[in-house]
Amino acid sequence: MSDKPGDAGGVVPSSSRGFLKVGTDESRKIPGSQRAALIRRGNELFNNGEFAPAKRIFMTVRYSDGLIRLGNHYLKSGDKLEAFRMYWIAGDKRRVDEMAEQMAMVIRKWLREEPTAPPRETRETHRG
């Protein structure tokens with residue numbers, strides 16, 4: 001993955017469901033009228049709650065508004081990693097920066113925490 005949001009010119013990891021190849025030149029191959037029809041179809045699917053097919057369409061045509069709406073949906077659903085991914089692909093620098101800062105705060109907190117020993121029962125059980 002590149003260091004710039006929206007520059008998804010390689011393999012972009014998908015949260016625990018494999019990988020999706022997203023190239024920046026794919027949307028250029030689709031004629032404008034076909035792209036508009038696909039966006040309308042993606043919006044229809046999204047509005048009907050069919051997020052997976054809408055996501056495929058939005059990613060194929062690189063429709064940033066649709067990707068941001070998907071990111072908002074995933075964020076509300078509690079899937080923060082997928083939300084971050086959608087914002088990144090859409091090139092929404094503000095949201096990517098906000099979420100990256102939140103992730104950094106979590107990691108900082110983890111690093112400050114003292115490691116705790118497992119409860120005594122657990123240690124005795126694992127001595128086998």
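For region 50-105, the set of residues classified as small (Gly, Ala, Ser) and part of a helix (DSSP H, G or I) consists of Ala52, Ala54, Ser64, Gly66, Gly71, Ser77, Ala83, Ala90, Ala100, Ala104, listed by residue number. Taking the numbered list (1) among the basic types (Lys, Arg); (2) loosely packed, with under 13 Cβ neighbours inside 10 Å; (3) at pLDDT 95 or above in turn, Arg28 passes all entries but (3).
The values are calculated or read from the model by the stated rules, or taken from the named source; none is laboratory data. Since we're looking at a predicted model, the values are computed, not measured. Note: ideal-geometry Cβ built from the backbone for every residue, glycine included; neighbour counts use all protein chains shown.
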